[in-house]
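The values are calculated or read from the model by the stated rules, or taken from the named source; none is laboratory data. If you're wondering where the values come from, they're calculated on a predicted model, not measured in any experiment. Positions of Cβ are backbone-derived with ideal geometry, glycine not excepted, and every protein chain shown enters the neighbour counts. The protein model used for the area step is the full one, side chains on, heavy atoms only, and it has no ligands, DNA or RNA in it. Shrake-Rupley method; radii C 1.70, N 1.55, O 1.52, S 1.80 Å.
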Amino acid sequence: MDLRHIFITNLKRLRKERKVSQMRLAELCETSTNYIGQIEIGQKFPSIEMIEKIARALEVRPFLLFLDAQDATLFSDEDFRKRRALVEKIQKSVEEIVMGDWG
């Protein structure tokens, strides 16, 4: 499977999982519904800027749109949320330790 096909497959899947219509995705990306439809059927391929808008609208990291099904299981959204929460806790703990030493 080539990257374009993987992207299209992931775009459709993520859009449907998040219950976002083509019309709503187009609104969020400031483009036309027709353009989103053309992307989904492979007639057009988005620019990097549009890929970033699509990822933001679907609340995923852009690279996830290019992972095939086998690789995607290694990078689930839930894993990212857990890692981000852990990093935030560590950062807060470090700040408290540092500020405690100075305060």
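At a glance:
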read-out: Scope region 1-54; condition of a type in the set (A, V, I, L, M) and open to solvent by 50 Å² or more (accessible area, probe 1.4 Å); matching residues; value: Met1, Leu3, Met23, Leu28, Ile41, Ile48
read-out: Region 22-35 residues that are more than 17 Å from Val60 (Cα to Cα), paired with ones that are among the charged types (D, E, K, R) (beta carbon under 8 Å, 6 or more apart); value: Glu30/Lys53; Thr31/Lys53; Tyr35/Lys44
read-out: Those residues of region 49-66 which are assigned to a helix (DSSP H, G or I) and at pLDDT below 95, in sequence order; value: Pro62, Phe63, Leu64, Leu65, Phe66
read-out: Close pairs (8 angstrom Cβ cut-off, 6 or more residues apart or separate chains): assigned to a helix (DSSP H, G or I) in region 69-96, open to solvent by less than 100 Å² (accessible area, probe 1.4 Å) and at pLDDT below 70 anywhere; value: none
